[in-house]
Amino acid sequence: MPQTIIVLDFGSQYTQVIARRIRESNVFSKVLPFDTPVKQLERLSPSGIILSGGPASVLAKDAPKPDPALFRMGLPVLGICYGLQLMGNMLGGKAESSDLREYGRGELKTIRKGGLFEGLPPKFIVWNSHGDRLSKLPKGFRAVASSENSEFAAIEDPKRRFYGLQFHPEVEHTDGGRELIHNFLRNICECKADWRLDDFTKKTILDIRDVVGDKRVLLGLSGGVDSSVAAGLLHRAIGENLTCVFVDNGLLRLNERSEVEQLFSDNFPSRLKVINASSLFLKRLKGVSDPERKRKIIGKTFIEVFDDAVKSIGCVEFLAQGTLYPDVIESIPIAGNPAAVIKSHHNVGGLPKKMKLKLIEPLRELFKDEVREVGLGLGLPKDVLYRHPFPGPGLAVRIIGEVTRARLRVLREADAIFQEELFNSRQYYKLWQAFCVFLPVRSVGVMGDERTYDNVIAIRAVTSSDAMTADWAKLPDKLLRTVSNRIINEVKGANRVVYDVSSKPPSTIEWE
Ligand code: XMP
(Lines give C-alpha, C1' and ligand atoms only; values in the text may rest on other atoms or scores of the structure.)
Protein backbone atom coordinates (compact mmCIF):
# COMPACT_ATOMS: atom_id res chain seq x y z
CA MET A 1 0.00 0.00 0.00
CA PRO A 2 1.53 3.38 -0.95
CA GLN A 3 1.75 6.14 1.68
CA THR A 4 -1.53 8.05 1.83
CA ILE A 5 -2.54 11.65 2.41
CA ILE A 6 -6.17 12.17 3.37
CA VAL A 7 -8.04 15.23 2.16
CA LEU A 8 -11.07 15.97 4.33
CA ASP A 9 -13.72 17.61 2.17
CA PHE A 10 -15.52 20.63 3.58
CA GLY A 11 -17.32 21.22 0.31
CA SER A 12 -14.82 23.29 -1.67
CA GLN A 13 -15.08 23.18 -5.43
CA TYR A 14 -11.30 22.60 -5.37
CA THR A 15 -11.17 19.53 -3.12
CA GLN A 16 -10.52 17.13 -5.98
CA VAL A 17 -7.88 19.46 -7.36
CA ILE A 18 -6.00 19.19 -4.04
CA ALA A 19 -6.15 15.39 -4.29
CA ARG A 20 -4.87 15.50 -7.87
CA ARG A 21 -2.00 17.85 -7.03
CA ILE A 22 -0.90 15.40 -4.31
CA ARG A 23 -0.89 12.55 -6.81
CA GLU A 24 1.08 14.67 -9.27
CA SER A 25 3.78 14.67 -6.58
CA ASN A 26 3.63 10.85 -6.75
CA VAL A 27 1.89 10.51 -3.41
CA PHE A 28 -1.42 8.65 -3.10
CA SER A 29 -4.36 10.72 -1.86
CA LYS A 30 -7.88 9.92 -0.72
CA VAL A 31 -10.80 12.34 -0.33
CA LEU A 32 -13.12 11.65 2.60
CA PRO A 33 -16.11 13.51 4.07
CA PHE A 34 -15.13 16.17 6.62
CA ASP A 35 -16.72 14.32 9.56
CA THR A 36 -15.05 10.93 8.97
CA PRO A 37 -14.35 9.53 12.47
CA VAL A 38 -10.71 9.39 13.50
CA LYS A 39 -10.96 5.62 14.05
CA GLN A 40 -11.75 5.24 10.36
CA LEU A 41 -8.89 7.56 9.38
CA GLU A 42 -6.48 5.57 11.52
CA ARG A 43 -7.30 2.40 9.61
CA LEU A 44 -5.75 3.98 6.52
CA SER A 45 -2.51 4.83 8.37
CA PRO A 46 -2.22 8.21 6.65
CA SER A 47 1.02 10.19 6.55
CA GLY A 48 -0.81 13.52 6.81
CA ILE A 49 -4.18 15.22 6.58
CA ILE A 50 -5.35 18.21 4.57
CA LEU A 51 -8.47 20.15 5.52
CA SER A 52 -10.00 21.55 2.33
CA GLY A 53 -11.65 24.91 1.84
CA GLY A 54 -15.41 25.20 1.87
CA PRO A 55 -18.31 27.58 1.30
CA ALA A 56 -19.44 27.75 4.97
CA SER A 57 -18.32 30.29 7.56
CA VAL A 58 -16.53 28.90 10.63
CA LEU A 59 -18.55 31.46 12.59
CA ALA A 60 -21.86 29.84 11.62
CA LYS A 61 -23.58 27.75 14.29
CA ASP A 62 -23.77 24.69 12.09
CA ALA A 63 -20.26 25.11 10.62
CA PRO A 64 -18.99 21.69 9.43
CA LYS A 65 -16.31 20.43 11.81
CA PRO A 66 -13.99 17.41 11.79
CA ASP A 67 -13.68 14.89 14.61
CA PRO A 68 -11.72 16.98 17.20
CA ALA A 69 -9.55 13.94 17.99
CA LEU A 70 -7.97 14.60 14.58
CA PHE A 71 -5.62 17.11 16.18
CA ARG A 72 -4.43 14.47 18.65
CA MET A 73 -3.45 11.88 16.05
CA GLY A 74 0.13 13.16 16.02
CA LEU A 75 -0.06 13.63 12.25
CA PRO A 76 0.83 16.68 10.16
CA VAL A 77 -2.27 18.74 9.28
CA LEU A 78 -2.55 21.39 6.58
CA GLY A 79 -5.64 23.61 6.63
CA ILE A 80 -6.50 25.43 3.42
CA CYS A 81 -8.72 28.55 3.54
CA TYR A 82 -11.79 27.35 5.52
CA GLY A 83 -9.48 24.59 6.83
CA LEU A 84 -7.06 27.20 8.25
CA GLN A 85 -9.85 29.16 9.94
CA LEU A 86 -11.32 25.99 11.34
CA MET A 87 -7.99 24.82 12.72
CA GLY A 88 -7.39 28.30 14.18
CA ASN A 89 -10.80 28.36 15.84
CA MET A 90 -10.79 24.79 17.12
CA LEU A 91 -7.31 25.11 18.65
CA GLY A 92 -8.01 28.30 20.63
CA GLY A 93 -7.43 31.14 18.14
CA LYS A 94 -10.12 33.40 16.77
CA ALA A 95 -11.66 33.77 13.33
CA GLU A 96 -13.79 36.79 12.48
CA SER A 97 -15.77 37.90 9.55
CA SER A 98 -13.85 40.54 7.66
CA ASP A 99 -15.22 43.58 5.84
CA LEU A 100 -12.34 43.25 3.47
CA ARG A 101 -13.17 40.08 1.61
CA GLU A 102 -10.33 38.75 -0.46
CA TYR A 103 -11.31 37.25 -3.81
CA GLY A 104 -9.02 36.58 -6.72
CA ARG A 105 -5.35 37.48 -7.05
CA GLY A 106 -3.39 38.82 -4.15
CA GLU A 107 0.25 39.24 -3.20
CA LEU A 108 1.74 37.08 -0.49
CA LYS A 109 4.80 38.15 1.52
CA THR A 110 6.71 35.45 3.34
CA ILE A 111 7.97 36.24 6.82
CA ARG A 112 9.83 32.99 7.50
CA LYS A 113 11.77 30.79 5.12
CA GLY A 114 11.93 27.01 5.06
CA GLY A 115 9.32 24.37 5.88
CA LEU A 116 6.31 24.83 3.66
CA PHE A 117 7.94 27.79 1.87
CA GLU A 118 11.29 26.16 1.08
CA GLY A 119 12.58 27.29 -2.30
CA LEU A 120 9.85 29.91 -2.78
CA PRO A 121 10.53 33.63 -3.38
CA PRO A 122 9.83 36.27 -0.68
CA LYS A 123 6.81 37.57 -2.61
CA PHE A 124 4.44 35.82 -4.98
CA ILE A 125 0.93 35.89 -6.36
CA VAL A 126 -1.71 33.69 -4.74
CA TRP A 127 -5.41 33.02 -5.35
CA ASN A 128 -7.80 33.95 -2.54
CA SER A 129 -11.43 33.23 -2.01
CA HIS A 130 -12.51 33.96 1.55
CA GLY A 131 -14.69 36.21 3.65
CA ASP A 132 -13.60 35.25 7.19
CA ARG A 133 -10.07 35.57 8.44
CA LEU A 134 -8.06 34.59 11.45
CA SER A 135 -7.60 37.51 13.88
CA LYS A 136 -5.85 35.69 16.75
CA LEU A 137 -3.46 32.75 16.48
CA PRO A 138 -3.89 29.67 18.63
CA LYS A 139 -1.16 28.92 21.18
CA GLY A 140 1.98 27.46 19.62
CA PHE A 141 1.33 29.02 16.18
CA ARG A 142 3.22 31.79 14.41
CA ALA A 143 2.69 33.70 11.19
CA VAL A 144 4.87 32.68 8.23
CA ALA A 145 3.34 34.86 5.50
CA SER A 146 0.98 37.80 5.21
CA SER A 147 -1.23 39.32 2.55
CA GLU A 148 -2.73 42.76 2.11
CA ASN A 149 -5.78 41.98 4.23
CA SER A 150 -4.51 39.31 6.50
CA GLU A 151 -1.44 39.20 8.72
CA PHE A 152 -1.99 35.45 9.05
CA ALA A 153 -2.13 34.38 5.40
CA ALA A 154 0.10 31.41 6.27
CA ILE A 155 0.64 30.03 9.77
CA GLU A 156 2.48 27.14 11.40
CA ASP A 157 3.00 25.28 14.61
CA PRO A 158 6.11 23.34 13.57
CA LYS A 159 6.27 21.40 16.85
CA ARG A 160 2.87 19.78 16.28
CA ARG A 161 3.35 19.94 12.48
CA PHE A 162 0.15 22.00 11.97
CA TYR A 163 0.09 24.37 8.98
CA GLY A 164 -2.49 26.71 7.51
CA LEU A 165 -2.83 28.65 4.27
CA GLN A 166 -5.49 31.31 3.85
CA PHE A 167 -5.23 31.12 0.04
CA HIS A 168 -5.61 28.19 -2.38
CA PRO A 169 -2.26 26.53 -3.24
CA GLU A 170 -4.05 23.94 -5.40
CA VAL A 171 -5.31 26.31 -8.11
CA GLU A 172 -3.25 27.13 -11.20
CA HIS A 173 -3.34 30.87 -10.47
CA THR A 174 -1.29 30.51 -7.30
CA ASP A 175 2.38 30.81 -8.21
CA GLY A 176 4.37 28.25 -6.30
CA GLY A 177 1.21 26.37 -5.29
CA ARG A 178 2.59 23.05 -6.50
CA GLU A 179 5.81 23.63 -4.53
CA LEU A 180 3.83 24.40 -1.36
CA ILE A 181 1.94 21.13 -1.62
CA HIS A 182 5.10 19.28 -2.57
CA ASN A 183 6.91 20.76 0.47
CA PHE A 184 4.07 19.70 2.76
CA LEU A 185 4.31 16.16 1.42
CA ARG A 186 8.09 15.81 1.44
CA ASN A 187 9.39 18.10 4.19
CA ILE A 188 6.55 17.81 6.64
CA CYS A 189 4.81 14.47 6.06
CA GLU A 190 8.06 12.84 4.90
CA CYS A 191 6.31 11.06 2.05
CA LYS A 192 8.53 9.03 -0.27
CA ALA A 193 6.77 9.57 -3.61
CA ASP A 194 5.81 5.92 -4.01
CA TRP A 195 2.64 6.33 -6.11
CA ARG A 196 3.57 5.14 -9.60
CA LEU A 197 1.05 4.39 -12.28
CA ASP A 198 2.98 1.55 -13.87
CA ASP A 199 3.07 -0.16 -10.47
CA PHE A 200 -0.67 0.45 -10.26
CA THR A 201 -1.18 -1.17 -13.67
CA LYS A 202 0.89 -4.24 -12.79
CA LYS A 203 -0.77 -4.65 -9.42
CA THR A 204 -4.28 -4.18 -10.84
CA ILE A 205 -3.69 -6.83 -13.50
CA LEU A 206 -2.57 -9.30 -10.82
CA ASP A 207 -5.50 -8.35 -8.56
CA ILE A 208 -7.99 -8.88 -11.40
CA ARG A 209 -6.52 -12.35 -12.09
CA ASP A 210 -6.73 -13.14 -8.42
CA VAL A 211 -10.34 -12.09 -8.03
CA VAL A 212 -11.67 -13.41 -11.33
CA GLY A 213 -9.78 -16.70 -11.63
CA ASP A 214 -11.08 -18.52 -14.70
CA LYS A 215 -14.57 -16.95 -14.56
CA ARG A 216 -15.95 -14.69 -17.26
CA VAL A 217 -16.23 -10.91 -17.11
CA LEU A 218 -18.55 -8.65 -19.05
CA LEU A 219 -17.75 -5.01 -19.81
CA GLY A 220 -20.00 -2.38 -21.35
CA LEU A 221 -17.82 -0.64 -23.91
CA SER A 222 -18.74 2.87 -25.00
CA GLY A 223 -15.64 3.72 -27.00
CA GLY A 224 -14.80 6.47 -24.50
CA VAL A 225 -11.56 6.72 -22.51
CA ASP A 226 -12.72 5.04 -19.32
CA SER A 227 -14.29 1.90 -20.71
CA SER A 228 -11.48 1.52 -23.27
CA VAL A 229 -8.79 1.64 -20.59
CA ALA A 230 -10.81 -0.71 -18.38
CA ALA A 231 -11.05 -3.08 -21.37
CA GLY A 232 -7.27 -2.79 -21.89
CA LEU A 233 -6.53 -3.72 -18.28
CA LEU A 234 -9.02 -6.59 -18.25
CA HIS A 235 -7.80 -7.90 -21.56
CA ARG A 236 -4.23 -7.98 -20.25
CA ALA A 237 -5.41 -9.70 -17.09
CA ILE A 238 -7.80 -12.34 -18.38
CA GLY A 239 -7.67 -12.30 -22.21
CA GLU A 240 -10.40 -14.44 -23.76
CA ASN A 241 -12.47 -14.49 -20.57
CA LEU A 242 -13.42 -10.88 -21.20
CA THR A 243 -16.53 -10.22 -23.26
CA CYS A 244 -17.34 -6.64 -24.21
CA VAL A 245 -20.80 -5.42 -25.07
CA PHE A 246 -21.39 -2.34 -27.18
CA VAL A 247 -24.94 -1.03 -27.43
CA ASP A 248 -25.83 1.06 -30.45
CA ASN A 249 -28.63 3.22 -29.05
CA GLY A 250 -29.20 5.09 -32.30
CA LEU A 251 -27.89 8.25 -30.67
CA LEU A 252 -24.27 7.87 -31.70
CA ARG A 253 -22.20 10.16 -33.89
CA LEU A 254 -21.47 9.49 -37.55
CA ASN A 255 -19.52 6.20 -38.01
CA GLU A 256 -19.11 5.82 -34.26
CA ARG A 257 -20.14 2.18 -34.16
CA SER A 258 -17.69 1.11 -36.83
CA GLU A 259 -14.91 3.12 -35.17
CA VAL A 260 -15.51 1.29 -31.89
CA GLU A 261 -15.49 -2.05 -33.72
CA GLN A 262 -12.21 -1.09 -35.35
CA LEU A 263 -10.65 0.08 -32.09
CA PHE A 264 -11.68 -3.17 -30.54
CA SER A 265 -10.39 -5.51 -33.18
CA ASP A 266 -7.08 -3.59 -33.34
CA ASN A 267 -6.45 -3.54 -29.61
CA PHE A 268 -8.26 -6.27 -27.73
CA PRO A 269 -8.86 -9.38 -29.70
CA SER A 270 -11.41 -10.58 -27.12
CA ARG A 271 -15.08 -11.17 -27.78
CA LEU A 272 -17.16 -8.15 -28.74
CA LYS A 273 -20.93 -8.29 -28.89
CA VAL A 274 -22.48 -5.38 -30.75
CA ILE A 275 -26.19 -4.88 -30.14
CA ASN A 276 -28.12 -2.70 -32.50
CA ALA A 277 -30.99 -1.40 -30.38
CA SER A 278 -31.47 1.91 -32.17
CA SER A 279 -35.06 1.23 -33.23
CA LEU A 280 -36.11 0.43 -29.67
CA PHE A 281 -34.47 3.57 -28.24
CA LEU A 282 -35.92 5.84 -30.93
CA LYS A 283 -39.37 4.31 -30.57
CA ARG A 284 -39.36 5.02 -26.86
CA LEU A 285 -38.11 8.57 -27.38
CA LYS A 286 -40.88 9.38 -29.82
CA GLY A 287 -42.76 12.53 -28.80
CA VAL A 288 -40.50 13.17 -25.78
CA SER A 289 -39.01 16.66 -25.41
CA ASP A 290 -38.23 16.97 -21.72
CA PRO A 291 -34.44 16.50 -21.16
CA GLU A 292 -34.74 14.59 -17.91
CA ARG A 293 -37.40 12.26 -19.34
CA LYS A 294 -35.16 11.57 -22.32
CA ARG A 295 -32.34 10.65 -19.95
CA LYS A 296 -34.56 8.38 -17.86
CA ILE A 297 -35.89 6.56 -20.93
CA ILE A 298 -32.40 6.09 -22.34
CA GLY A 299 -31.00 4.90 -19.00
CA LYS A 300 -33.83 2.43 -18.46
CA THR A 301 -33.73 1.09 -22.00
CA PHE A 302 -29.95 0.68 -21.84
CA ILE A 303 -30.28 -1.42 -18.69
CA GLU A 304 -32.94 -3.63 -20.29
CA VAL A 305 -30.92 -4.16 -23.45
CA PHE A 306 -27.74 -4.84 -21.51
CA ASP A 307 -29.55 -7.21 -19.18
CA ASP A 308 -30.84 -9.20 -22.17
CA ALA A 309 -27.31 -9.36 -23.56
CA VAL A 310 -25.98 -10.70 -20.26
CA LYS A 311 -28.65 -13.41 -20.27
CA SER A 312 -27.92 -14.38 -23.85
CA ILE A 313 -24.19 -14.63 -23.21
CA GLY A 314 -24.69 -16.69 -20.04
CA CYS A 315 -22.12 -18.03 -17.54
CA VAL A 316 -20.88 -14.55 -16.72
CA GLU A 317 -19.97 -13.92 -13.11
CA PHE A 318 -18.49 -10.43 -13.12
CA LEU A 319 -19.50 -7.10 -14.49
CA ALA A 320 -16.70 -4.56 -15.06
CA GLN A 321 -17.24 -0.81 -15.10
CA GLY A 322 -14.96 2.10 -15.87
CA THR A 323 -15.97 4.05 -12.75
CA LEU A 324 -13.44 6.76 -11.88
CA TYR A 325 -12.43 8.20 -8.54
CA PRO A 326 -14.39 11.46 -8.91
CA ASP A 327 -17.55 9.32 -9.32
CA VAL A 328 -16.79 7.51 -6.09
CA ILE A 329 -16.10 10.56 -3.94
CA GLU A 330 -19.25 11.45 -2.04
CA SER A 331 -20.28 15.03 -2.63
CA ILE A 332 -20.68 17.04 0.55
CA PRO A 333 -24.24 18.39 0.95
CA ILE A 334 -23.31 21.90 2.08
CA ALA A 335 -25.17 24.88 0.63
CA GLY A 336 -22.89 26.55 -1.87
CA ASN A 337 -20.95 23.39 -2.72
CA PRO A 338 -21.18 23.19 -6.50
CA ALA A 339 -20.33 19.49 -6.40
CA ALA A 340 -23.51 18.85 -4.44
CA VAL A 341 -25.85 20.39 -6.98
CA ILE A 342 -24.29 19.12 -10.18
CA LYS A 343 -26.85 17.37 -12.35
CA SER A 344 -27.88 14.18 -10.66
CA HIS A 345 -28.18 12.44 -14.01
CA HIS A 346 -24.51 11.76 -14.68
CA ASN A 347 -24.37 8.03 -15.13
CA VAL A 348 -22.69 6.74 -12.03
CA GLY A 349 -22.81 3.02 -11.50
CA GLY A 350 -25.87 2.93 -13.76
CA LEU A 351 -26.43 -0.81 -13.86
CA PRO A 352 -28.88 -2.51 -11.54
CA LYS A 353 -28.03 -4.55 -8.51
CA LYS A 354 -30.59 -7.16 -9.51
CA MET A 355 -28.21 -8.35 -12.22
CA LYS A 356 -26.50 -10.26 -9.42
CA LEU A 357 -23.12 -9.93 -11.05
CA LYS A 358 -20.09 -9.15 -8.95
CA LEU A 359 -18.75 -5.73 -9.77
CA ILE A 360 -15.16 -5.00 -10.81
CA GLU A 361 -14.10 -1.38 -11.09
CA PRO A 362 -10.38 -1.38 -11.92
CA LEU A 363 -10.20 2.43 -12.28
CA ARG A 364 -12.09 3.47 -9.18
CA GLU A 365 -8.97 4.87 -7.49
CA LEU A 366 -7.92 7.01 -10.48
CA PHE A 367 -8.47 10.49 -11.81
CA LYS A 368 -9.03 11.00 -15.53
CA ASP A 369 -5.49 12.13 -16.33
CA GLU A 370 -4.16 9.06 -14.51
CA VAL A 371 -6.50 6.82 -16.54
CA ARG A 372 -5.04 8.28 -19.72
CA GLU A 373 -1.52 7.57 -18.50
CA VAL A 374 -2.45 3.97 -17.69
CA GLY A 375 -3.96 3.72 -21.19
CA LEU A 376 -0.74 4.99 -22.76
CA GLY A 377 1.20 2.40 -20.77
CA LEU A 378 -1.12 -0.28 -22.16
CA GLY A 379 -0.40 0.93 -25.69
CA LEU A 380 -3.88 2.28 -26.48
CA PRO A 381 -4.02 4.85 -29.29
CA LYS A 382 -3.72 8.50 -28.33
CA ASP A 383 -6.80 9.54 -30.29
CA VAL A 384 -8.91 7.31 -28.05
CA LEU A 385 -7.27 8.44 -24.83
CA TYR A 386 -7.49 12.17 -25.56
CA ARG A 387 -10.91 12.15 -27.14
CA HIS A 388 -13.50 14.67 -25.93
CA PRO A 389 -16.05 13.34 -23.45
CA PHE A 390 -19.36 12.29 -24.96
CA PRO A 391 -22.47 12.04 -22.77
CA GLY A 392 -24.11 8.66 -22.16
CA PRO A 393 -27.47 9.82 -23.62
CA GLY A 394 -25.55 10.81 -26.75
CA LEU A 395 -27.08 13.04 -29.39
CA ALA A 396 -30.46 12.94 -27.60
CA VAL A 397 -29.29 15.76 -25.33
CA ARG A 398 -27.89 17.67 -28.30
CA ILE A 399 -31.19 17.74 -30.12
CA ILE A 400 -33.38 20.26 -28.38
CA GLY A 401 -36.92 18.94 -28.32
CA GLU A 402 -38.02 15.66 -29.84
CA VAL A 403 -35.41 13.22 -31.20
CA THR A 404 -36.26 12.05 -34.72
CA ARG A 405 -34.27 10.20 -37.37
CA ALA A 406 -34.38 13.27 -39.61
CA ARG A 407 -32.96 15.53 -36.90
CA LEU A 408 -30.31 12.95 -36.01
CA ARG A 409 -29.18 12.88 -39.64
CA VAL A 410 -28.79 16.68 -39.78
CA LEU A 411 -26.95 16.82 -36.46
CA ARG A 412 -24.64 13.91 -37.34
CA GLU A 413 -23.62 15.41 -40.64
CA ALA A 414 -23.08 18.88 -39.17
CA ASP A 415 -21.09 17.53 -36.23
CA ALA A 416 -18.87 15.39 -38.46
CA ILE A 417 -17.95 18.52 -40.44
CA PHE A 418 -17.17 20.44 -37.26
CA GLN A 419 -14.97 17.61 -35.90
CA GLU A 420 -13.12 17.25 -39.20
CA GLU A 421 -12.38 20.98 -39.35
CA LEU A 422 -11.26 21.01 -35.71
CA PHE A 423 -8.67 18.38 -36.59
CA ASN A 424 -7.65 20.11 -39.82
CA SER A 425 -7.04 23.38 -37.98
CA ARG A 426 -5.29 21.63 -35.05
CA GLN A 427 -7.78 22.99 -32.53
CA TYR A 428 -9.31 19.70 -31.37
CA TYR A 429 -6.85 18.88 -28.57
CA LYS A 430 -6.88 22.46 -27.25
CA LEU A 431 -10.52 22.04 -26.30
CA TRP A 432 -12.29 20.17 -23.56
CA GLN A 433 -15.34 19.56 -25.73
CA ALA A 434 -16.65 20.78 -29.06
CA PHE A 435 -19.86 19.71 -30.76
CA CYS A 436 -22.95 20.79 -32.66
CA VAL A 437 -26.43 21.17 -31.23
CA PHE A 438 -29.62 20.88 -33.27
CA LEU A 439 -32.08 23.69 -32.57
CA PRO A 440 -35.70 23.07 -33.50
CA VAL A 441 -35.97 26.65 -34.70
CA ARG A 442 -36.48 27.38 -38.34
CA SER A 443 -35.21 30.52 -39.94
CA VAL A 444 -35.35 31.97 -43.42
CA GLY A 445 -32.39 31.84 -45.79
CA VAL A 446 -31.60 32.25 -49.46
CA MET A 447 -29.72 29.67 -51.47
CA GLY A 448 -29.23 30.53 -55.10
CA ASP A 449 -32.53 31.99 -56.18
CA GLU A 450 -34.54 30.04 -53.68
CA ARG A 451 -35.69 30.91 -50.21
CA THR A 452 -35.13 28.27 -47.56
CA TYR A 453 -36.85 27.76 -44.23
CA ASP A 454 -34.62 25.42 -42.29
CA ASN A 455 -33.15 24.55 -38.93
CA VAL A 456 -30.38 26.20 -36.94
CA ILE A 457 -27.20 24.45 -35.84
CA ALA A 458 -25.43 25.84 -32.78
CA ILE A 459 -21.72 25.26 -32.35
CA ARG A 460 -20.42 24.75 -28.83
CA ALA A 461 -16.70 24.66 -28.02
CA VAL A 462 -15.35 25.02 -24.50
CA THR A 463 -12.10 24.95 -22.60
CA SER A 464 -12.10 23.43 -19.14
CA SER A 465 -9.98 21.27 -16.89
CA ASP A 466 -12.70 19.22 -15.24
CA ALA A 467 -16.11 20.26 -16.67
CA MET A 468 -17.05 21.87 -13.33
CA THR A 469 -16.39 25.26 -14.87
CA ALA A 470 -15.85 26.01 -18.53
CA ASP A 471 -15.27 28.95 -20.82
CA TRP A 472 -16.37 29.29 -24.42
CA ALA A 473 -13.41 28.89 -26.73
CA LYS A 474 -12.17 31.72 -28.89
CA LEU A 475 -11.95 29.67 -32.08
CA PRO A 476 -10.18 31.29 -35.06
CA ASP A 477 -12.48 33.23 -37.42
CA LYS A 478 -11.27 31.23 -40.36
CA LEU A 479 -12.29 27.95 -38.75
CA LEU A 480 -15.73 29.26 -37.80
CA ARG A 481 -16.23 30.59 -41.31
CA THR A 482 -15.25 27.26 -42.90
CA VAL A 483 -17.45 25.23 -40.55
CA SER A 484 -20.44 27.50 -41.07
CA ASN A 485 -20.03 27.50 -44.88
CA ARG A 486 -19.60 23.79 -45.06
CA ILE A 487 -22.57 22.99 -42.80
CA ILE A 488 -24.91 25.32 -44.67
CA ASN A 489 -23.77 24.10 -48.07
CA GLU A 490 -23.37 20.41 -47.36
CA VAL A 491 -26.03 19.55 -44.79
CA LYS A 492 -29.53 19.43 -46.12
CA GLY A 493 -31.91 20.78 -43.51
CA ALA A 494 -29.62 23.41 -41.93
CA ASN A 495 -29.41 26.96 -43.24
CA ARG A 496 -27.96 28.87 -40.29
CA VAL A 497 -25.08 28.34 -37.87
CA VAL A 498 -24.68 30.21 -34.57
CA TYR A 499 -21.83 30.16 -32.06
CA ASP A 500 -22.53 29.68 -28.35
CA VAL A 501 -20.71 32.29 -26.23
CA SER A 502 -21.83 31.19 -22.77
CA SER A 503 -19.54 30.08 -19.98
CA LYS A 504 -20.26 27.58 -17.21
CA PRO A 505 -21.54 28.68 -14.76
CA PRO A 506 -24.15 30.06 -15.28
CA SER A 507 -24.75 27.97 -18.42
CA THR A 508 -23.85 24.29 -18.69
CA ILE A 509 -21.66 22.66 -21.33
CA GLU A 510 -24.46 20.62 -22.90
CA TRP A 511 -27.65 22.38 -23.89
CA GLU A 512 -29.89 19.89 -22.10
P1 XMP B 1 -22.82 19.93 -18.16
O2 XMP B 1 -23.73 20.00 -19.34
O3 XMP B 1 -23.53 19.54 -16.88
O4 XMP B 1 -21.81 18.74 -18.46
O5 XMP B 1 -22.00 21.17 -17.98
C6 XMP B 1 -20.64 18.46 -17.74
C7 XMP B 1 -19.99 17.25 -18.39
O8 XMP B 1 -20.82 16.10 -18.24
C9 XMP B 1 -21.22 15.58 -19.51
N10 XMP B 1 -22.63 15.20 -19.40
C11 XMP B 1 -23.06 13.94 -19.29
N12 XMP B 1 -22.39 12.76 -19.27
N13 XMP B 1 -24.45 11.60 -19.07
C14 XMP B 1 -23.09 11.61 -19.17
O15 XMP B 1 -22.51 10.51 -19.20
C16 XMP B 1 -25.19 12.73 -19.07
O17 XMP B 1 -26.40 12.70 -18.98
C18 XMP B 1 -24.45 13.96 -19.19
N19 XMP B 1 -24.83 15.27 -19.23
C20 XMP B 1 -23.69 16.00 -19.37
C21 XMP B 1 -20.99 16.73 -20.48
O22 XMP B 1 -20.78 16.26 -21.81
C23 XMP B 1 -19.79 17.42 -19.89
O24 XMP B 1 -18.59 16.75 -20.23
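Within the stretch 170-188, how many residues are in contact with a Lys or Arg (Cβ under 7 Å, 6 or more places away or on another chain) and among the β-branched types (Val, Ile, Thr)? Residues that pass the stated criteria total 2. Restricting the stretch 393-422 to residues that are among the acidic types (Asp, Glu) and under 17 Å from Val498 (Cα atoms), which is least open to solvent (accessible area, probe 1.4 Å)? Here the answer is Asp415. The set of residues in the stretch 282-316 being within 16 Å of the ligand (Cβ to nearest atom), open to solvent by less than 20 Å² (accessible area, probe 1.4 Å) and more than 21 Å from Leu439 (Cα to Cα) consists of Thr301, Phe306. Considering the stretch 484-512 alone, what residues qualify as being more than 14 Å from Thr452 (Cα to Cα), more than 32 Å from the chain's Cα centre (by Cα) and buried (at least 16 other Cβ atoms within 10 Å of the Cβ)? Within the stretch 484-512, Arg486 is the sole residue that qualifies.
All of (1) modelled with pLDDT of 95 or more; (2) more than 23 Å from the chain's Cα centre (by Cα) hold for Ala230 with one exception: (2).
Could you please let me know if Ser464 is assigned by TED's automatic domain parsing to the domain that holds Leu408 and within 12 Å of the ligand (Cβ to nearest atom)? For Ser464, the condition - assigned by TED's automatic domain parsing to the domain that holds Leu408 and within 12 Å of the ligand (Cβ to nearest atom) - is met. Restricting the stretch 38-81 to residues that are within 17 Å of Val17 (Cβ to Cβ) and assigned to a loop (DSSP other than H, G, I, E, B) leaves a set whose member that is most open to solvent (accessible area, probe 1.4 Å) is Pro55. For the stretch 1-37, enumerate the residues that are of a type in the set (Asp, Glu) and not in a loop (DSSP other than H, G, I, E, B). Across the stretch 1-37, the qualifying residues are Asp9, Glu24.
Taking each residue of the stretch 375-398 that is over 30 Å from Leu282 (Cα atoms) and in the same structural domain as Thr204 (by TED's automatic domain parsing) and looking for partners that are within 16 Å of the ligand (Cβ to nearest atom) and small (Gly, Ala, Ser) with beta-carbon atoms closer than 7 Å, six or more apart or interchain, yields Gly375/Ser228; Leu380/Ser228. Looking for something open to solvent by 40 Å² or more (accessible area, probe 1.4 Å) and among the hydroxyl-bearing types (Ser, Thr, Tyr) - is there at least one such residue anywhere in the stretch 82-101? For the stretch 82-101, residues open to solvent by 40 Å² or more (accessible area, probe 1.4 Å) and among the hydroxyl-bearing types (Ser, Thr, Tyr): present. If a residue must be free of Cβ contacts under 8 Å to residues at least 60 places away in the same chain and within 28 Å of the chain's Cα centre (by Cα), how many such residues does the stretch 282-301 contain? Adding up the residues that qualify gives 7. Between residues in the stretch 448-474 that are on the phi > 0 side of the Ramachandran plot and among the aliphatic types (A, V, I, L, M) and residues that are within 10 Å of the ligand (Cβ to nearest atom) and modelled with pLDDT of 95 or more, which pairs lie under 6 Å by C-beta distance while being six or more apart or on different chains? From the stretch 448-474, no pairs qualify. So, Tyr429, is that one surrounded by fewer than 16 Cβ atoms within 10 Å (Cβ to Cβ), more than 13 Å from the ligand (Cβ to nearest atom) and within 23 Å of the chain's Cα centre (by Cα) or not? Judged against the criteria, Tyr429 is a match. All but one of (1) open to solvent by less than 40 Å² (accessible area, probe 1.4 Å); (2) out of contact with any His (no Cβ under 9 Å at 6 or more places or on another chain) hold for Val17, so report the exception by its number. Result: Val17 fails condition (2) only. Determine whether the stretch 371-382 contains at least one residue that is assigned to a loop (DSSP other than H, G, I, E, B), touching a Ser or Thr at 6+ places or on another chain (Cβ under 7 Å) and buried (at least 20 other Cβ atoms within 10 Å of the Cβ). Yes, the stretch 371-382 contains a residue that is assigned to a loop (DSSP other than H, G, I, E, B), touching a Ser or Thr at 6+ places or on another chain (Cβ under 7 Å) and buried (at least 20 other Cβ atoms within 10 Å of the Cβ). Of all the numbered requirements in (1) within 13 Å of the ligand (Cβ to nearest atom); (2) under 30 Å from Glu373 (Cα atoms); (3) open to solvent by less than 50 Å² (accessible area, probe 1.4 Å); (4) of a type in the set (A, V, I, L, M, F, W, C), Phe390 misses one, and that requirement is (3).
The residues on offer are Leu86, Leu120, and the sole one that is among the aliphatic types (A, V, I, L, M), within 33 Å of the chain's Cα centre (by Cα) and in a loop (DSSP other than H, G, I, E, B) is Leu120. Taken over the stretch 485-512, the criterion of being away from the ligand (no atom under 16 Å from the Cβ) and either free of Cβ contacts under 8 Å to residues at least 24 places away in the same chain or in contact with a Cys (Cβ under 7 Å, 6 or more places away or on another chain) (or both) is satisfied by Asn485, Asn489.
The values are calculated or read from the model by the stated rules, or taken from the named source; none is laboratory data. The structure presented is a predicted model; accordingly, all values stated were derived computationally and were not measured. Heads up, the Cβs are rebuilt from the backbone with ideal geometry, glycines too, and the neighbour counts pull from every protein chain shown. All accessible areas refer to the heavy atoms of the entire protein, side chains included, with ligands and DNA or RNA removed. Shrake-Rupley method; radii C 1.70, N 1.55, O 1.52, S 1.80 Å.
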